[in-house]
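Remarks on the structure that follows.
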Amino acid sequence: VFLSIPPEYAFHRVELIRQISMPIILISTEYGARSMWDWEQVTYLKAEGIQIMAPYTQEMSRILLRTAGFRRRMKESRLLVWMDEKREHSSYYFFDSQCVERIRSAFGVEVVFSSFKELNERAMAIPDETARYEAGAHVVLKEDVRGSRLLKAYKLYIAMREEILRTPGVIGISCACLDEPEYTDTTPCLAFNLLNRELGVAVACEGDVLSLMTE
């Protein structure tokens with residue numbers, strides 16, 4: 001919703017502006033720069049406790065508008081993390097349940113933990129022929145990777161894709177490939193690359209949900 005508000009409203013209609021429940025973004029020129037009187041309005045409204053964003057380039061304006069739209073979608077979104085232990089006492093904050101709860105509280109995004117062991121068991125059970133078909137349908141790798149190494153990577157990709165598609169609202173994925181190497185015979189790097197391209201999901205290593213939220 002875009003509102004055209006005369007500049008003097010910032011000083012004399014504060015309570016009216018305070019009732020606006022949506023994000024307030026001040027864009028006053030077609031080319032994105034802020035007019036000199038915008039500084040006064042923004043500073044005044046912030047002093048009155050009103051949150052207002054005032055970009056000063058077209059690109060910053062576009063980023064803020066995309067962010068405002070995505071923030072609403074985040075309330076129905078999930079991060080899917082394949083990991084068999086949450087490591088409550090790990091030195092990494094992003095493994096801690098406190099971090100997961102704060103993400104849910106602040107953004108409405110749910111972190112869903114799924115078994116990395118079971119994911120790899122499903123991947124290993126996929127027929128070689130299925131993996132060969134998938135390999136033939138995608139881009140050629142720069143490095144000459146052939147045989148079982150390539151098929152294992154594509155099998156993990158297929159297993160990840162299947163679980164993502166049956167889990168509603170997934171916007172980011174990660175797994176514990178280095179911390180739980182006993183469960184896998186490959187790495188998720190190719191799978192992450194393909195899933196990011198095809199499904200638009202954010203990807204991060206080692207269950208780093210903070211990096212996923214940043215992306």
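The values are calculated or read from the model by the stated rules, or taken from the named source; none is laboratory data. Note that this is a predicted model, so its numbers are computed, not measured. All Cβ positions, glycine included, derive from the backbone under ideal geometry; neighbour counts span all protein chains shown. Side chains included, ligands, DNA and RNA excluded: accessible areas come from the protein's heavy atoms. Shrake-Rupley method; radii C 1.70, N 1.55, O 1.52, S 1.80 Å.
Restricting region 34-51 to residues that are modelled with pLDDT under 85 and not in a helix (DSSP H, G or I), the residue that is nearest to the chain's Cα centre (by Cα) is 34.
So which residues in region 38-52 are open to solvent by less than 70 Å² (accessible area, probe 1.4 Å) and either in contact with a strand residue (DSSP E or B) (Cβ under 7 Å, 6 or more places away or on another chain) or not polar (S, T, N, Q) (or both), if there are any at all?
38, 42, 45, 49, 50, 52
Among the conditions (1) open to solvent by less than 80 Å² (accessible area, probe 1.4 Å); (2) of a type outside the set (Ser, Thr, Tyr); (3) modelled with pLDDT under 85; (4) over 21 Å from residue 66 (Cα atoms), the only one that residue 13 does not satisfy is (1). Might you check whether a residue that is at pLDDT below 80, exposed (fewer than 13 other Cβ atoms within 10 Å of the Cβ) and under 30 Å from residue 187 (Cβ atoms) occurs anywhere in region 57-69? Scanning region 57-69 turns up no residue that is at pLDDT below 80, exposed (fewer than 13 other Cβ atoms within 10 Å of the Cβ) and under 30 Å from residue 187 (Cβ atoms). Each residue in region 187-205 was checked for being open to solvent by 30 Å² or more (accessible area, probe 1.4 Å) and part of a loop (DSSP other than H, G, I, E, B), and 2 of them qualify. Checked against the criterion of being of a type in the set (Gly, Ala, Ser), open to solvent by less than 70 Å² (accessible area, probe 1.4 Å) and on the phi < 0 side of the Ramachandran plot, region 173-183 has at least one qualifying residue.
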